[in-house]
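Engineer: My structure is below; once you've seen it, I'll send some questions.
The values are calculated or read from the model by the stated rules, or taken from the named source; none is laboratory data. Small disclaimer: the values here were computed from a predicted structure and weren't measured. Don't worry about glycine lacking a Cβ; one is built from the backbone with ideal geometry, like all the others, and counts go over all protein chains shown. The protein model used for the area step is the full one, side chains on, heavy atoms only, and it has no ligands, DNA or RNA in it. Shrake-Rupley method; radii C 1.70, N 1.55, O 1.52, S 1.80 Å.
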Amino acid sequence: MMEGHRMCSNDNYSVAEEHGAGTSTGAGDPAFVERPLPGTGGEATFGSDVVAEALRAVGVPYIALNPGASYRGLHDSLVNHLGNEAPTMLLCLHEEHAVAIAHGYAKVTGRAMAAAVHSNVGLFHATMAIFNAWCDRMPVIVIGATGPVDAMKRRPWIDWIHTARDQGAIVRNYVKWDDQPASPAAARESIYRGAWLAQTAPMAPVYINLDAGMQEEKLTEPLAPLDAARYCPKVQTAPAFDPLAQAADWLRAARNPVILAGRASRDVKAWNERVELAERIQARVATDLKIGASFPTDHPLHIGAPSVFPGTEVLDAMRGADVILSLDWVDLGGTLRAAFGNAMPKTKVIQVSLDHTVHNGWSMDHQALPAVDLFLASDPDATAPLLSEAIGIAARGVAAPAVQLCAKPSLPTHGGPLAVEHLALGLRQAVGRRDVSLLHLPLSWNGAWWPLRHPLDFIGSDGGGGIGGGPGISIGAALALRDSGRLPIAICGDGDFLMGSTAIWTAAHYRIPLLFVVANNRSFYNDEVHQERVARMRDRRVENKWIGQRIADPDVDIVKMARAQGAVGFGPVTSALDMIPAFENAIRAVEAGSVAVVDVRVEPGYTPSMTASLTRSS
Ligand SMILES: Cc1ncc(C[n+]2csc(CCOP(=O)(O)OP(=O)(O)O)c2C)c(N)n1
Ligand SMILES: [Mg+2]
């Protein structure tokens, strides 16, 4: 916990640069789990060899997949032409996990992995995870397949049902770009373009659909080499000079500026530059539990605790502000409405974002249209240091009291029922001084329970509100964190965990250590809250809210589900007395290279602000 009043300088909340995540070496590496016998190697001979080489050329390290005959050509090329290295396959039990793993990997590294899904049916399974990554603005190269497009080459029945006229239409509304290249050379260009677009801000998934016929056909002649780097140029996303200077003038003169610190990279330098900007202008800063940590939550300038829906402290600070600087805040329009009602805010609003470039008419994830006085069409990470420089004044220490983040710092000593808060306290106690990355949090989480002091302390939520993404996203993130020295912990609701639970096998199989803690209230409790609300509005029986919601009778044996897939399982933990030893044993298992799952039985309950936001009637 933070001590109370104190002066802090830049240094207190800056984070030292460290070695990067995601470069795995040596034993236990997923690349060593499934080693093929030496293949043919040499020159590309088939269309799919060209595709595999292109994936390697753009730096795709892993390809999470569920197999299918539509891409059997590519599958062979990855194994027998490239030797299952760079990219290495990660077999998944469901396409949703394959995309979620790639999504989680991107959340840590900012880089795209690939996910391969069979024809239309695999893509159908993958859709929710693609939508999650889309809303989260995370890059994934989704490889699909179809055909043979030439009907004369199709096998009876199966090739026909697994061919679609326009397969990309299944996902076109929530990917940045899609393609169905007709030749190996076009497929190579498509992979280069896809990798480039997916990883250029605003980042998002892309979908590339490979004709089975094109994959399996022999090359008539070798392709001239193309240097992938020249086809994936770095795109500069700095702001134009005039709006930058104007923003700097407003912020320099502001008496009560507020920064809404939204989507940001996991880059330590960018984190420190954000802290510096806030300290220069003494701006109070709000952060968002939907997305990765963007500012130290126990910094004196941080407003209250981070939450999914902005709480009263954030809204009050906005009302008292003379300038609001949004750094790509998710739902700026809705947040302004929550603070100022439907009237236009009198406060000056500066928006820094590139997000408008991917807004479309199908998905409403662009959120409400905000009133904005100055728009900097630029990447917030690149903009913050430029703003600091243009503002000119030096960063000052902050004399405000540090935020008390931990409300009730003691665990019950009795064996009574556990709340999610107890789970959080027990877990913090068990992890001690380790560097922890929280990879997922349940809806019942309160941001006050766990200070976030580093961009990798919390990587954000699923993006699209698609339950079941938690396990897969967490495994992809843990893969990226393998050599980071951080303890990866995912805390999932039981509903989320159960929907995504067969992702565990992939983590166990490829030796991706992480700790899952299931906040098991044996319910899709979120929706109990809604049924309660409806019953109250209609003056009906609130007591019936559990029907069609409770995951009990029988209770699911989560520990057995974990063990059945090669993870180690602990629990069910029902009292505080058992909780710390269970966590300690689980952490030891993770540090020894295992996947560990702890089932903690908790009482249902959400924070008041979450309940209020969920149940707000129209
Ligand atoms: C794919 C999907 N199905 C249904 C929902 C609706 N939904 C939102 S939260 C939730 C309950 C999640 O249960 P759990 O993870 O156990 O969290 P709890 O609410 O119990 O804390 C459901 C069903 C959703 N968001 N996504
Ligand atoms: Mg639940």
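Engineer: Send over a whole-number figure in Å² for the accessible area per residue of the stretch 237-278, probe 1.4 Å.
Structural biologist: On the way: 1690 Å² over 42 residues.
Per-residue accessible area for the stretch 237-278 comes out at 40 Å².
Engineer: Note down the nm distance, to one decimal, between modelled labels 7 Å out along Cα→Cβ at A238 and at K153.
Structural biologist: 4.8 nm
Engineer: Considering only protein heavy atoms and a probe of 1.4 Å, how much of the accessible area of the stretch 497-545 is carbon and sulfur, as a whole percent?
Structural biologist: Values: 970 of 2270 Å².
Ligands and nucleic acids excluded, carbon and sulfur give 43 percent.
Engineer: A further question follows. Can you give me the relative contact order of the stretch 281-387 as a percent, contacts being Cα pairs under 8 Å and 6 or more apart? Mind dumping the intermediate values first?
Structural biologist: Working: 141 pairs, mean separation 22.5, N = 107.
With pairs under 8 Å counted, the relative contact order is 21 percent.
Engineer: Here's something else I'd like to know. If every alpha-carbon in the stretch 466-522 counts as one equal scatterer, what log10 I(q)/I(0) does Debye give at q = 0.14, 0.22, 0.24 1/Å?
Structural biologist: -0.33, -0.78, -0.90
Engineer: A further question follows. Cβ neighbours within 10 Å, averaged per peptide: list 356-367, 597-608, 582-593 in order, most packed at the top. It would help to have the intermediate numbers written out before the result.
Structural biologist: Working: 356-367: 12.7, 597-608: 21.6, 582-593: 17.6.
So the order, starting with the most tightly packed, is 597-608, 582-593, 356-367.
Engineer: Quick one: grab the alpha carbon gyration tensor of the stretch 252-330, order the square roots of its eigenvalues as a ≥ b ≥ c, and give me rounded if a/c is under 1.5, else prolate or oblate depending on whether a/b is larger than b/c.
Structural biologist: Values: a/c = 1.71, a/b = 1.12, b/c = 1.53.
Oblate shape, in that a/c is at least 1.5 and b/c is the bigger or equal ratio.
Engineer: Counting alpha carbon pairs within less than 8 Å and at least 6 residues apart, what relative contact order, in whole percent, applies to the stretch 226-328? Before the final figure, lay out the partial values.
Structural biologist: Working: 130 pairs, mean separation 34.0, N = 103.
Over the stretch 226-328, the number comes to 33 percent.
Engineer: With +1 on the Cβ of every Lys and Arg and -1 on the Cβ of every Asp and Glu, and nothing else charged, how large is the dipole of the chain about its Cα centre, in debye rounded to the nearest 20? Please report the intermediate quantities before stating the final value.
Structural biologist: Values: 53 positive and 64 negative charges, 203 e Å.
For this selection, approximately 980 debye.
Engineer: Right, next: Answer with one residue from Q236, G571, A169: the one whose Cα lies farthest towards the positive end of the charge dipole of the chain, charges on Cβ with Lys, Arg +1 and Asp, Glu -1.
Structural biologist: Projecting each Cα onto the dipole axis, the largest value belongs to G571.
Engineer: Right, another one. If the cut-off is a Cα-Cα distance under 22 Å, which lysines reach K153, setting aside same-chain residues fewer than 8 apart in sequence?
Structural biologist: Of all the lysines, those that pass the test against K153 - Cα under 22 Å, at least 8 places apart if same chain - are K218.
Engineer: Using +1 at the C-beta of Lys and Arg and -1 at the C-beta of Asp and Glu, which of I547, S70, S474 has the Cα lying farthest in the positive direction of the dipole of the chain?
Structural biologist: I547
Engineer: Please list, by residue number, everything in the stretch 291-311 whose backbone N is under 18 Å from a paramagnetic label point 7 Å out along Cα→Cβ of A612.
Structural biologist: Answer for the stretch 291-311: 303-311.
Engineer: If you don't mind, there's one more thing I want to ask. Rounded if a/c is under 1.5, else prolate if a/b is larger than b/c, else oblate: which is the stretch 404-526, with a ≥ b ≥ c the root eigenvalues of its Cα gyration tensor? Please list the in-between numbers first.
Structural biologist: Numbers: a/c = 1.68, a/b = 1.23, b/c = 1.36.
Oblate.
Engineer: Can I ask one more? So how far apart, in nm, are the two label points at F340 and D555 if each is 7 Å from Cα heading toward Cβ?
Structural biologist: Simple spin-label model gives 5.1 nm for this pair.
Engineer: Given Cβ point charges of +1 (Lys, Arg) and -1 (Asp, Glu) and nothing else, what value in debye, to the nearest 20, does the dipole of the stretch 92-216 about its Cα centre take?
Structural biologist: Values: 11 positive and 11 negative charges, 43 e Å.
Value, rounded to 20: 200 debye.
Engineer: By its C-alpha gyration tensor, with a ≥ b ≥ c as the square roots of the eigenvalues, how is the stretch 161-263 shaped: rounded for a/c under 1.5, else prolate for a/b larger than b/c, else oblate? Could you put the intermediate results ahead of the total?
Structural biologist: Numbers: a/c = 5.45, a/b = 2.26, b/c = 2.41.
Since a/c reaches 1.5 but b/c is at least a/b, the shape of the stretch 161-263 is classed as oblate.
Engineer: For the stretch 505-610, report the accessible area per residue in Å² (1.4 Å probe, heavy atoms, rounded to an integer). Each step should come with its number before you reach the end.
Structural biologist: Values: 5130 Å² over 106 residues.
The answer is 48 Å² per residue.
Engineer: Go through 445-451, 291-297, 538-544 and give me the packing order, highest mean Cβ count within 10 Å leading. Can you show the working numbers first?
Structural biologist: Working: 445-451: 23.1, 291-297: 26.0, 538-544: 10.0.
Those peptides, ordered most packed to least, come out 291-297, 445-451, 538-544.
Engineer: Considering every Cα-Cα pair within the stretch 543-618, what fraction, in whole percent, is farther apart than 14 Å?
Structural biologist: 71 percent
Engineer: Ignoring ligands, DNA and RNA, please state the percent of accessible area on the stretch 96-190 from carbon and sulfur, probe 1.4 Å. Could the numbers behind the result be given before it?
Structural biologist: Values: 1950 of 3320 Å².
That share works out to 59 percent.
Engineer: Right, here's the next one. For A185 paired with R536, estimate the spin-label separation in nm (one decimal), with each label point 7 Å from Cα along the Cα-to-Cβ line.
Structural biologist: 6.7 nm
Engineer: Among 326-336, 90-100, how do they line up by average Cβ neighbours within 10 Å per residue, starting with the highest? If you can, show how the numbers build up before the last one.
Structural biologist: Working: 326-336: 23.2, 90-100: 27.1.
Put in order of decreasing packing, that is 90-100, 326-336.
Engineer: Near K290, which aspartates and glutamates are there with a Cα under 12 Å away, not counting those fewer than 8 places off in the same chain?
Structural biologist: Excluding near neighbours in sequence, the set is D136, D331, D462.
Engineer: Tell me what the chain gives for mean residue ellipticity at 222 nm when only DSSP H runs of n ≥ 4 count, each as -39,500 (n - 2.57), the sum divided by the residue total, rounded to 500 deg cm²/dmol.
Structural biologist: Numbers: 22 runs with 218 residues, N = 618.
Calculated at 222 nm, the ellipticity per residue is -10500 deg cm²/dmol.
Engineer: FRET efficiency for E221 and M364, Cβ-Cβ distance as r, R0 = 51 Å, nearest 0.05? Write out the running numbers ahead of the final one.
Structural biologist: On the way: r = 48 Å, r/R0 = 0.94.
Given R0 = 51 Å and the Cβ-Cβ separation, E is 0.60.
Engineer: Binning at 20 angstrom from zero up to the longest distance, how are the C-alpha pair distances of the chain distributed in percent?
Structural biologist: With 20 Å bins starting at 0, P(r) equals 20, 51, 27, 2.
Engineer: Hey, what did the chain get for relative contact order, percent, Cα under 8 Å, at least 6 apart? Working shown, then result.
Structural biologist: On the way: 1409 pairs, mean separation 98.9, N = 618.
Taking the mean separation of contacting Cα pairs over the length of the chain, I get 16 percent.
Engineer: Specify which residue in the list L210, S14, F524 is farthest towards the positive end of the charge dipole of the chain, using unit charges on the beta carbon of Lys, Arg (+1) and Asp, Glu (-1), about the Cα centre.
Structural biologist: Toward the positive end, the furthest listed residue is F524.
Engineer: Run the reach check for K348 against aspartates and glutamates, Cα to Cα strictly under 13 Å, same-chain hits fewer than 8 apart removed. What comes back?
Structural biologist: Straight-line reach from K348, under 13 Å: D249, D322, D373.
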